[in-house]
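These notes are about the structure you will find just below.
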Amino acid sequence: MTDKPLVAITGASSGIGEATARAFSAAGHPVLMMARRVEKMEAMGLANSICRKVDVLDRDQINAAVAEAEAQFGPVDMMFANAGIARLADIGRQPPEEWDEMIDINTKGVMNTVKSVMNGMMERRSGTLAMMSSIAGRKVYPDHTVYCGTKFFVHAISESLREYLSDYDVRVLVLSPGVIETEVLSGVLDEQTLAAYKENKVKMGGGIGADIVGDLILNAYRLPQNALVQEICITPTRQK
Ligand code: NDP
């Protein structure tokens, strides 16, 4: 057992979510890990972890997983709304059907996740919400049109939530990474866009490790509750 507060993470089955779960678990926190590939999360065997099959589009699934973990470990003190997909493509070629799932997961999925713990944090007047945007939520790229739209959405709601929740002493942190080595490119279905992305990645000397992002989130979380890192924008040094 541990006396550290409970941390919850969506998209914990790979990439940045997995790395963040590993960082918090190693620091002694119980971690609620949520994603659809539950077997991947269970195979990690992290100390004090609860792994639940959750689709962020299903509010009941998120709420049930949070309630179950809170019954065992106490209130969620930190929620990382991280789950997302990247259907990058030239919008002229992209079939509209490709947008639907991405828009839902990256926007409604984030709100569903935040809402599952937000009111409890307001009542306790304590807690941290970390929300996954992207460098593509700060600047646009011509072959990321709809992805950029979803990530600008996250930037907008995180800024609004930060102001709204500041009176309740709840911290809101937005993440804006550049190229990080994860499974994210598996969501890119457009061959030309994928090839251009990979070429650009080689030019910048490759992406950076997801563990770096996980450690940054842990360090931001560890600051006193009255100190907020509003945004973590982390990119490869050579990324334009
Ligand atoms: P990965 O593909 O490795 O991880 C994505 C995670 O999201 C997986 O754990 C996946 O789990 C989960 N996920 C996707 N859809 C759902 C869903 N409907 N319900 C629950 N979980 C879901 O990529 P990253 O780690 O890179 O991506 C994490 C976040 O970081 C995304 O929001 C992405 O946009 C963002 N990001 C990534 C960058 C990068 O360069 N890698 C840069 C900037 C932002 P499962 O399939 O098991 O459900």
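What the table below lists for this structure:
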| read-out | value |
| --- | --- |
| GNM top mover of 196, 136, 220 - the chain, alpha-carbon springs below 10 Å | 196 |
| Kirkwood Rh, Cα atoms: Rg over Rh of the stretch 59-135 | 1.10 |
| Gaussian network model of the chain, Cα within-10 Å springs - most flexible of 74, 84, 11 | 74 |
| Full-stretch length increase - residue 203, residue 40 - with 0.36 nm per residue and alpha-carbon distance subtracted | 55.5 nm |
| For the chain, the Rg and Dmax computed from alpha carbons only, in angstrom | 17.1, 54 |
| Computed over the stretch 110-240, Kirkwood Rh from alpha-carbon pairs, angstrom | 15.9 Å |
| Value in Å of the Kirkwood radius, where the stretch 18-79 supplies the Cα pairs that are averaged | 11.8 Å |
| Alpha carbon centroid spacing (whole Å) that separates the stretch 180-196 from the stretch 67-134 | 21 Å |
| Summed side-chain charge close to residue 136 - residues other than residue 136 whose Cβ falls under 15 Å, Lys, Arg +1, Asp, Glu -1 | +3 |
| The chain: calculated mean residue ellipticity at 222 nm from DSSP helix runs of at least 4, using -39500 (n - 2.57) | -14000 deg cm²/dmol |
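Rule-based calculations on the coordinates, nothing more; no lab input. It should be emphasised that the depicted structure is a prediction, and the values quoted were computed from it without experimental measurement. Glycine also receives a Cβ, built like all others from the backbone with ideal geometry; neighbour counts cover every protein chain displayed.
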